[in-house]
Every structure is written in C-alpha cells, then in structure tokens.
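The values are calculated or read from the model by the stated rules, or taken from the named source; none is laboratory data. Since this is a predicted model, take the numbers as computed values, not measurements. Neighbour counts are summed over all protein chains in view; Cβ atoms, including those assigned to glycine, are modelled from backbone coordinates with ideal geometry.
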Amino acid sequence: MKNISSITKQLNDKLIEIRKELHQYPEISEQEYETTRRIKQWLSEAGCTIIPINTKTGTVAEISGKKQGPTVAFRADIDALPIQEQTGLPFSSKNESVFHGCGHDWHTTIALGAAMVFSQIRDQFAGNVRFIFQPAEETTQGAKTLIDSGLFQDGKIKGIFGLHNQPAIPAGKVGITEHHLMAAVDTLHITIRGKSGHGAIPHQNIDAVVAGSAVVMGLQTAVSRNIDPFEPVVITIGSFHSGSAHNVIAGSAELWGTIRSFSPNVRKQLPELIQRITTEIAEGYGAEAKAEIIPQVPAIQNDPVMTSIVREATQSVLGKDAVVTPEPTMGGEDFSLYQEHIPGCYFWVGTGDSEKGIDKPWHDPAFLVNDDLIPSTVNLVVEILLKSLKHFQTKEKGE
C-alpha cells in the first residue's frame with residue numbers, strides 16, 4: 001500500500017491553506033452556504049463523489065475502493081460561533097462577530113485531508129468511505145437534519161466515527177473511552193402564572209417573581225435529594241424574565257434552562273421530577289406553573305468494538321502511550337444522534353501546547369487549534385477507517 005504518511009506530507013501545505021481559508025470566512029449554524037460550496041469544490045477536485053442530500057447546507061461525499069465491500073463514515077462539523085475573534089492571527093475571521101472558536105474549521109480540514117488520501121489509495125482498499133460535513137452542530141440541529149434527509153436510508157453505513165480537538169489534552173495524545181464522554185442535553189422551559197397588582201399591596205396579589213425564585217432554588221434539590229449521587233446531573237436556569245415596573249408585582253414569569261445528564265434512565269426520570277417540584281412549589285405560593293422539557297441530544301454512547309478500532313489505530317499511528325482516558329464534560333454533542341442508528345465512536349484529539357498559547361477552552365474568543373497536528377490526525381483518521389472497513393468486511397464474511 002502507498003505510504004499514507006508520505007501522501008499527507010505532500011498534502012500538508014494545501015491543507016494548511018484550506019484551514020486558513022475556512023478560518024477567515026466562518027459561517028454560523030444553518031448559514032454555512034459558502035463553506036459548503038468550497039467543501040464541495042475541494043472534494044470534486046480530489047475526485048470524490050458528492051452524494052445529493054436534501055439540506056440547505058452541509059454535504060456528503062463518498063470514495064469507493066477497487067472492490068465492493070462495506071461502507072463506513074467519518075463526520076466533521078462545519079459551523080462557527082457568533083463570537084468576535086480575539087486571537088490576533090494574521091488570518092483572523094473577516095466576518096464580523098463570527099469565529100471558528102471551537103475548531104470546526106480544523107475538523108473540516110482533517111476530513112478533507114482524509115478524503116484526499118482515500119482518493120489516492122482507492123485501488124488499495126475494498127468498500128466505501130463516506131465523509132459527512134455536518135452543519136449546525138452548535139445548535140444541535142445538524143445531525144437531526146441530515147438523518148431526517150435520509151443519511152441512513154440506504155442502510156449501507158455500518159459504522160461512524162468523529163473527533164473533536166481538545167486543548168485540555170496534550171498534543172500527541174488522544175482521549176478515548178467507552179464510558180462517559182459528553183452528556184445528554186435537554187432544554188427546560190418554565191412558565192409561572194400569578195396575579196399582578198400594586199407593589200405596595202402584596203397580600204392582594206400573587207407574586208410570580210417570588211414563586212419563580214423559589215422554583216429556581218427548589219430545582220437545586222432535584223439533583224441533590226432525588227438522583228443517585230453517583231449519577232452526574234446538572235440543572236441550570238440561565239434565563240429568568242418577569243415584571244415590567246419596579247412598583248408592580250409581576251403576574252407571570254418565564255424561565256429557561258438546560259439539563260445535562262449521562263444515564264438514559266436518569267434522563268427519563270428528570271421530566272416528571274422537575275414538573276413535580278416546579279408545580280408544587282409554585283402552588284405553595286398560590287401560583288400555577290408548567291415545566292416543559294425539550295429534548296435535544298442524548299449522551300455520547302461509544303460502541304465497544306468501534307472504540308477498540310480507534311484505540312488500536314491510535315497506538316499504531318501515534319504510539320502505544322498515545323491513548324489517554326479523557327475527563328468527561330457535561331457539554332453535549334449531536335454526534336450521539338448518529339449513534340442511535342449505527343455503532344460509532346467519538347473521541348478527542350489532544351491539541352494542547354501552552355508554549356504556543358494553545359490552552360484556551362472551546363468558545364473562548366482567543367481559542368486556538370494546533371495546525372502542526374493536521375498530518376498526524378489525517379493519518380489517524382485514515383487508519384481508523386481502513387481498520388473499520390476490514391472489520392466489517394470480515395464480519396460480512398462470517399469469519
């Protein structure tokens with residue numbers, strides 16, 4: 001087989017330029033029109049087949065090997081954040097208040113690099129590799145949009161992989177786990193109805209601010225006194241709107257929050273628990289309350305076999321000591337929606353390097369990624385996909 005490292009080395013300058021271009025022209029979720037156009041152009045130039053999908057943005061490409069075989073996929077997210085960049089890079093964002101502050105430009109570059117490699121070695125593998133360039137990860141809507149548009153309709157994709165840069169992990173290390181990595185995300189919407197009136201006559205009215213405040217405090221016990229302390233859960237109220245004047249008792253309040261959890265069973269318990277606490281506390285103040293849970297994405301559930309493939313590929317490409325156990329985060333990822341349909345593994349590529357200033361967390365205005373790691377990460381992705389093709393080929397033969 002052609003030396004993959006030699007191919008990625010030859011592609012490196014081109015990939016760096018692609019990363020810089022993507023970084024300079026970021027687009028927020030569901031508005032990635034130019035990003036999508038350029039991705040399709042680069043893929044077509046590399047000889048990849050664009051698979052039509054019924055979405056406004058994002059694209060899917062496929063590279064077929066010399067022989068028929070299984071199909072595996074790699075997903076990269078392509079959207080940016082509504083943040084003003086503060087990195088001082090010579091190729092900083094040219095789009096006001098839009099910034100690739102989570103490294104999706106880097107992820108897209110990795111996927112493009114891997115696609116370019118596969119286009120050069122198509123005579124040396126059996127099966128198909130699909131590259132999914134997903135929009136709207138930051139709003140957790142992109143994966144659902146692609147799935148609803150028929151991403152898995154033909155039933156060909158057997159396994160899926162995805163990665164995220166992680167500045168909290170040192171460069172050269174890869175965070176891989178079958179256990180908790182990223183949490184389920186649900187949105188909480190609470191409405192409270194009281195009775196408005198003069199601020200000097202509280203006994204004749206029902207104060208929605210007081211009732212709402214009590215609900216906020218009461219929800220803190222939803223976790224501490226109702227959920228197994230070994231099960232991580234977060235309930236955060238981030239928005240509380242009520243009242244219109246300083247001397248008027250508010251007759252209504254609207255609260256918005258976020259719920260994070262790992263266990264599917266705990267996630268199922270939370271709606272009833274939150275509704276009970278909310279309504280009963282509000283009733284204690286004479287008010288009425290309703291809690292609505294809006295599901296977004298489940299927790300990452302890595303398949304053991306797919307995870308072992310990533311672990312083996314990492315050790316093969318980066319060395320036996322490259323694999324580390326990552327610290328989980330209560331942040332969410334809509335890659336988990338793909339995992340509800342097919343086995344997959346989502347992992348973190350360490351990019352941290354304090355000497356280069358690559359130590360800011362995701363979504364920080366001064367966030368940086370590590371372009372020196374592009375070749376090795378492309379090599380890793382290619383190795384993962386090759387190993388997964390062989391795995392499913394063997395499985396199909398019943399060996």
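Quick grid of which residues meet (1) among the polar types (S, T, N, Q); (2) modelled with pLDDT of 95 or more:
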{"site": "Pro82", "(1), (2)": "no, yes"}
{"site": "Leu89", "(1), (2)": "no, yes"}
{"site": "Lys94", "(1), (2)": "no, yes"}
{"site": "His100", "(1), (2)": "no, yes"}
{"site": "Gly103", "(1), (2)": "no, yes"}
{"site": "Thr109", "(1), (2)": "yes, yes"}
{"site": "Ala114", "(1), (2)": "no, yes"}
{"site": "Phe118", "(1), (2)": "no, yes"}
{"site": "Asp123", "(1), (2)": "no, no"}
- Query: Of (1) under 21 Å from the mean Cα position of the chain (by Cα); (2) basic (Lys, Arg); (3) in the same structural domain as Ile192 (by TED's automatic domain parsing), Lys268 satisfies all except one. Which?
  - Reply: (1)
- Item | Inter-residue pairs, beta-carbon under 6 Å, first at negative phi and in segment 164-187, second of a type in the set (D, E, K, R), 6+ apart | Pro167/Asp359; Ala171/Asp353; Ile176/Arg311; Met182/Glu333; Ala183/Arg260; Ala184/Arg267
- Take segment 298-353 and flag every residue that is assigned to a helix (DSSP H, G or I) and either in contact with an Asp or Glu (Cβ under 7 Å, 6 or more places away or on another chain) or at positive phi (or both). Pro304, Thr307, Ala313, Ser316, Val317
- Query: Can you name the residue in segment 234-265 that is closer than 20 Å to Asp334 by Cβ and among the β-branched types (Val, Ile, Thr) and, of all such residues, is surrounded by the most Cβ atoms within 10 Å (Cβ to Cβ)?
  - Reply: Ile259
- Task: Take Ile274 and decide whether it is under 22 Å from Gly332 (Cα atoms), part of a helix (DSSP H, G or I) and touching a residue at least 24 places away in the same chain (Cβ under 8 Å).
- Result: yes
- Matching option when the condition is part of a helix (DSSP H, G or I), at pLDDT 95 or above, within 30 Å of Val378 (Cα to Cα) and of a type outside the set (Gly, Ala, Ser), among Ile147, Ile169: Ile147
- Residue, modelled with the lowest pLDDT, within segment 205-233, restricted to residues that are outside any helix (DSSP H, G or I) and of a type in the set (A, V, I, L, M): Ile227
- Task: Name the single residue, out of those in segment 234-260 being of a type outside the set (Ser, Thr, Tyr) and in a loop (DSSP other than H, G, I, E, B), that is nearest to Ala291 (Cα to Cα).
- Result: Gly251
- Message: Looking for something surrounded by fewer than 20 Cβ atoms within 10 Å (Cβ to Cβ) and closer than 22 Å to Gln339 by Cα - is there at least one such residue anywhere in segment 34-51?
- Response: yes
- What number of residues within segment 168-184 satisfy the criterion of being out of contact with any helix residue (DSSP H, G or I) (no Cβ under 9 Å at 6 or more places or on another chain) and crowded, with 21+ Cβ neighbours inside 10 Å? 3
- Query: If we keep just the residues of segment 50-77 that are under 22 Å from the mean Cα position of the chain (by Cα) and part of a loop (DSSP other than H, G, I, E, B), which is nearest to Ile309 (Cα to Cα)?
  - Reply: Gly58
- For residues that are part of a loop (DSSP other than H, G, I, E, B), out of contact with any helix residue (DSSP H, G or I) (no Cβ under 8 Å at 6 or more places or on another chain) and not β-branched (Val, Ile, Thr), tally how many sit in segment 78-94. 6
- Restricting to segment 360-399, what's the tally of residues that are buried (at least 16 other Cβ atoms within 10 Å of the Cβ), assigned to a helix (DSSP H, G or I) and of a type outside the set (D, E, K, R)? 18
